[in-house]
Amino acid sequence: MHKWILIKGMILNPQSDKSCEFIKEGVLILKKGKDKYTIADYGRRSLINDYEKKRSLKVVDHSDSLIIPGLLDLHFHWVQKDVTSMPKDNLLKWLENFTWPTEANFKDKKYCNSEAKEFSYELIRNGTLGGACYGSIHSHSVDAAFKYFKGDYFVGNVLMTMNSPEYLIQTQKQAKTLLDKLSAKYKKNYVVTPRFAPTTDEEVMRHGSKVQKKCKGLIQSHLCETKNEIDWVLSIYRERKGFEDVTSYSDIYHRCGLLGEKTIMGHGIYLSKEDMQLLKKTNTAIAHCPTSNAPVKDKGLGSGLFDFKQAEKNKLRWGLGSDIGAGPFVSMLDVMDSFVKQNKKIGNKAATYTKALYRSTLKNAEILGIDQNTGNFDLGKRANLVVLKPLKLSASIKTSEQALNEFFKAIKSREEFRQAVTEVFYEGQVIS
Ligand code: GUN
Ligand code: FE
């Protein structure tokens, strides 16, 4: 292996919602450490002069391609790949009719492993190199993900102890045993994953909170995705001891010790004032999944559109996720495009591609707690990068927003995003 790799390309280095370095005639310098490459330098082409005489240098030419950091998906269900192509309906009906029967198939370990292998290929193919992931109720769905996925993944088995079909339910004891066993095995990479409060009882959720404190991992669940889900969850808990007076969905999780800065709640479309206050107070993050929430005609569940401006006004942390299989495609590029287009449609100009890229890379890295090592090309970070399909950019293109606009304009159908990734480097090695 070469000590140095020099990659020519059009570099996009996200910094914040509004700022992304764009170096049109750029170069990235990777340096090999003990077993992986890190970003040693980047800049304009003249930087080549400083490195071209290095012994053991490999030059890779992607001059006509945008190069972005490895994409991170803040919310996806790897066991729902086959659900993506099934009919969409409102959330609760869709879970009952399509999602839960599909997840039940993962009871078979052999099937589970072969699906994980296939899904791992899909992630790489689409430039996703990490994220927060839901398995099924079965422990081997977590084992298989850790075994096959290449990247920075945080995975949990969904906990389902009530209001679930008999073919996809566990006892409290089984759920607690899995929490203990898998958190001890995967430590910080294990995610305590109550599916959502309607299907996970308070005792198991409280045990999850204890387990998370011990293993210092993440917690993930769903929150305020649809209105009838909120009505349902409140009606369930108001009949349970200690919850008679709950006034918000978030308060149920809060009373079980599940909110905090290591917690990622999916969706949060219909947050009440009290929800918002609790999320803010506890510094809980939201995973916004625009393709999943999009109208049924656009292959989503039609849940609504997350109000990111309101969230930001309340200083909530949030990032983007695909929510496979309610979201129809693995591609985070598709998610970014949907975020921009849905918001532009309602006149929300703050929803730029630059913002979408930041919320699919560096911001997600921050929420996952891995931004010291990944999320953008800051020096010393691991060399995780995605080379996009070649693109001719005219001389007038000077900003990240213009460049990204050109890239997305050139994609004619959503299915094309999968082919819009040319090469993927993980820790400096091509894995695509
Ligand atoms: N709420 C509870 N389970 C799920 C799920 O699998 N997908 C989505 N989108 N919402 C959920
Ligand atoms: Fe989800």
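Values quoted throughout were computed directly from the atomic coordinates according to the rules given, and no laboratory measurement underlies them. Source: prediction; values computed, not measured. Virtual Cβ from ideal backbone geometry, glycine too; neighbours counted across all protein chains shown.
Return the subset of Lys188/Lys262; Lys32/Lys389; Lys281/Lys355; Lys93/Lys309; Lys176/Lys262 for which the Cα-Cα distance in this structure is over 18 Å, preserving the input order.
Lys32/Lys389; Lys281/Lys355; Lys93/Lys309; Lys176/Lys262
When the chain is fully extended, how far beyond the present Cα-Cα distance does Glu166 get from Ser63, taking 0.36 nm per residue of separation?
Here the answer is 31.5 nm.
How would Met160, Met276, Met1 line up from fewest to most surrounding beta-carbon atoms within 10 angstrom?
Going from sparsest to densest Cβ surroundings: Met1, Met276, Met160.
Give me the dipole magnitude in Debye, nearest 20, for region 225-352 about the Cα centre, with unit charges on the beta carbon: positive for Lys and Arg, negative for Asp and Glu.
It comes to approximately 420 debye.
What lysines sit close enough to Lys88 to cross-link, taking a C-alpha to C-alpha distance under 19 Å and skipping anything fewer than 8 places away on the same chain?
Answer for Lys88, where 19 Å is the Cα cut-off: Lys227, Lys297, Lys299, listed by chain and number.
At what distance in angstrom do the alpha carbon centres of region 172-235 and region 1-70 lie from each other?
After rounding, the separation between the Cα centres reads 41 Å.
How many angstrom separate the Cα center of region 96-140 from the Cα center of region 355-418?
26 Å
Order of Met205, Met162 from fewest to most other C-beta atoms within 10 Å?
If I rank by nearby Cβ atoms, fewest first, I get Met162, Met205.
Between region 247-264 and region 265-295, how far is it from one alpha carbon centroid to the other, in angstrom?
Answer, in whole Å: 11.
Under 15 Å from the Cα of Lys31, which aspartates and glutamates turn up, not counting those fewer than eight places away in the same chain?
Partners within reach: Asp41, Asp50, Glu52, Asp378, Glu427.
In terms of the Cα gyration tensor, with a ≥ b ≥ c the square roots of its eigenvalues, is region 298-432 rounded because a/c is under 1.5, prolate because a/b exceeds b/c, or oblate?
rounded
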